[in-house]
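Below is one structure, written out as structure tokens; comments come after it.
Just so it is clear, none of the values below were taken in a lab; they were calculated from the coordinates. Computed from a predicted model, the values in this text were never measured in an experiment. Don't worry about glycine lacking a Cβ; one is built from the backbone with ideal geometry, like all the others, and counts go over all protein chains shown.
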């Protein structure tokens, strides 16, 4: 009987790179796309500040085509906003009335690549520390298999996305209806080591060092701040919209 009960529990797993997504892809699972420094944090911030829809695209060329059609566009590569576009992927750039009620296109080095990889999943939602409680409450209510998809850095493992996956896993593991697979279990143990001071824990992580060298410490601190919003962006066709 115990084995049957475990089998019926919704599984939580973690994919550490979009490159590995085909290995983890399963029918009927919710995919949480994670790029906490900074794409998914910027997306959550944009919805908090009133954007109507966002269109994530994988390439700068796609973004430029939308720009030429008159769309507001955020474009970033290698943590640098691309000249000629309206925004980069700093959350602070989306804290503006300019985006209210608008459709904004976004392309980033890592986060929009992960969205592209998972776009055919049962559901694709955006996760960040900024919306973690609202996200976890929704995942608990949905009670579906969950894949936490870390965007990483150019298809490689990174520490900050893995840490967020562990934070989500830590919360969900308190509910008996979820079964942690090994990847989720590993991230949970990692987060337990870091939860008192995630900023310090990430001190020598490559992307934090990269952003710090560019003078973006405020971005890092903001992106590691819990519960700045209740929004849950979800992918519907080509659009990210507010989950309702």
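For the range 197-240 versus the range 42-80, the spacing of their alpha-carbon centroids is 17 Å.
Note down the relative contact order for the chain as a percent, whole number, built from C-alpha pairs under 8 angstrom at least six residues apart. Each step should come with its number before you reach the end.
On the way: 507 pairs, mean separation 79.7, N = 244.
Dividing the mean separation by the residue count of the chain yields 33 percent.
Between the helical axis of 182-194 and the longest alpha-carbon principal axis of the chain there is an angle of about 70 degrees.
With 0.36 nm allotted per residue and the present C-alpha distance subtracted, the residue 209-residue 226 stretch has 4.0 nm of extension available. Relative to one another, the C-alpha centroids of the range 134-181 and the range 89-105 are positioned 26 Å apart. Length gained on full extension, residue 157 to residue 122, computed as 0.36 nm times the residue gap minus the Cα-Cα distance: 10.2 nm. One decimal place: the segment residue 174-residue 65 gains 34.7 nm when fully extended, by the rule 0.36 nm per residue minus the C-alpha distance. Note on residue 80 and residue 241: with the Förster distance fixed at 22 Å, the Cβ-Cβ geometry gives a FRET efficiency of about 0.20.
Dividing the summed -39500 (n - 2.57) terms of all DSSP H runs of n ≥ 4 by the residue count of the chain sets its mean residue ellipticity at 222 nm at -11000 deg cm²/dmol. Calculated from the structure at hand, Cα extents along the principal axes in Å is found among (1) 53, 37, 31; (2) 59, 41, 36; (3) 61, 38, 30 as (3). Compared with the dominant principal axis of the Cα atoms in the chain, helix 39-48 is inclined by about 80°.
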